[in-house]
1. Please state which of the following conditions residue 273 fails to meet, knowing it meets all the rest: (1) open to solvent by less than 30 Å² (accessible area, probe 1.4 Å); (2) modelled with pLDDT under 80.
2. With respect to residue 102, is the statement that it is out of contact with any Phe, Trp or Tyr (no Cβ under 6 Å at 6 or more places or on another chain) and not hydroxyl-bearing (Ser, Thr, Tyr) true?
3. Within the range 50-89, track down each residue that is of a type outside the set (A, V, I, L, M), surrounded by 14 or more Cβ atoms within 10 Å (Cβ to Cβ) and closer than 14 Å to residue 188 by Cα.
4. Can you tell me which residue in the range 155-167 is surrounded by the fewest Cβ atoms within 10 Å (Cβ to Cβ), limited to those that are aliphatic (A, V, I, L, M) and closer than 28 Å to residue 65 by Cα?
5. Within the range 139-154, identify whether any single residue is surrounded by fewer than 11 Cβ atoms within 10 Å (Cβ to Cβ), free of Cβ contacts under 8 Å to residues at least 40 places away in the same chain and out of contact with any Pro (no Cβ under 7 Å at 6 or more places or on another chain), and answer yes or no.
6. What's the total number of residues in the range 1-60 that are within 12 Å of the chain's Cα centre (by Cα) and either β-branched (Val, Ile, Thr) or assigned to a helix (DSSP H, G or I) (or both)?
7. One residue is enough: does the range 237-245 have a residue meeting the conditions among the β-branched types (Val, Ile, Thr), open to solvent by less than 20 Å² (accessible area, probe 1.4 Å) and under 19 Å from residue 12 (Cα atoms)?
8. Give 170, 198 a once-over and let me know the one that is farther than 17 Å from residue 84 by Cα and surrounded by 19 or more Cβ atoms within 10 Å (Cβ to Cβ).
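The values are calculated or read from the model by the stated rules, or taken from the named source; none is laboratory data. Since we're looking at a predicted model, the values are computed, not measured. Neighbour counts run over all protein chains shown; Cβ positions are idealised from the backbone, glycine included. These accessible areas exclude ligands, DNA and RNA; they are computed on the full protein's heavy atoms, side chains included. Shrake-Rupley method; radii C 1.70, N 1.55, O 1.52, S 1.80 Å.
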Amino acid sequence: MGVYGLILASGLAVGALYALGGVGLVLLNRATGVLNFAYGAIGALGAMSAWQVLQWGYPEAVAWLVCLAIGVLLSTGYGVLIAPGLSHREPIVKAVATLGFGIAILGAMNLLWLVNPRRLALALDGVSVNMVGLRMTGTRILALAAGIAITLGTSIFLVRTRLGLMMRTLADDRQLAAILGTPIRKVETIAWGFSGLLAGITGMLFGDLVRLDPAVLTFIVIPIVATTVVGRLQSIKATFFAGFAIGIIESFLTLYKPLAPFRVASPFIVAILALMWLQRGRRLTFAGQD
């Protein structure tokens, strides 16, 4: 497998995690109206805690459980203790509040763990499989499988289950949902918890595939938010494909030295181009009305 194959394999795995993170943000936003900028920090604390558990000599299964538990507890805790007090505020206020929460988590991580090179090496790193000409490590396969399976499962959940229908009702009209008897606090708490679970999975896999660093993992939320912009915070399908596009483009930009410094801007470029494409029909309609 050549260098292009390696870059593609890496881009697919990272793109799957961007998609997975985007799904977590979209689901939460549809149920609560909150764009959670603390998503990356929640996953980062889970990944750092998992690394610490491994350093203490516990098995990897325990590290996974700790990571996921921290993700669920932090996200649910915010959703139960802080979010209700902001439920009637503007979306920008809710988003800024989560940003403050994320920065507080990052500050706590910097106090707990000094900035040193670390590696979160999962057992699956030692496994490699040839898939359609691409040699994929076990961790990359897990990231790809998790991104696809959870995205598909979430789409089915929102359409086919009673809880999913209640979340969609909340997204459409919260007042109407309350009148119809939807247990808003319960549904929102479940959404926060599930989003935290996805944050834990995302942080754990990013810590292995990209870099185990609190700041790096915290600001992974930026390209993840870009995927939700493409999906307009509503479409899981569009968010899913945007994640893969951003991951692949970022990976291939590393091959070209003049463009490599601009790879961090690729999420925003993809988001802008996608929005321009989605708006093309409206522009034609407005032109026809002039």
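1. Just one mismatch for residue 273, condition (1).
2. No; evaluated as a whole, the condition is false for this residue.
3. 75, 76, 77, 78, 79, 84, 87
4. We begin by selecting, within the range 155-167, every residue aliphatic (A, V, I, L, M); these are 156, 158-159, 163, 165-167.
From what's left, closer than 28 Å to residue 65 by Cα: 156, 158, 163, 167.
Numbers: 156: 11, 158: 20, 163: 16, 167: 25.
Checking each candidate, the answer is 156.
5. no
6. The qualifying residues number 21.
7. Yes, some residue in the range 237-245 is among the β-branched types (Val, Ile, Thr), open to solvent by less than 20 Å² (accessible area, probe 1.4 Å) and under 19 Å from residue 12 (Cα atoms).
8. Values: 170 fails: farther than 17 Å from residue 84 by Cα.
So the residue among 170, 198 that is farther than 17 Å from residue 84 by Cα and surrounded by 19 or more Cβ atoms within 10 Å (Cβ to Cβ) is 198.
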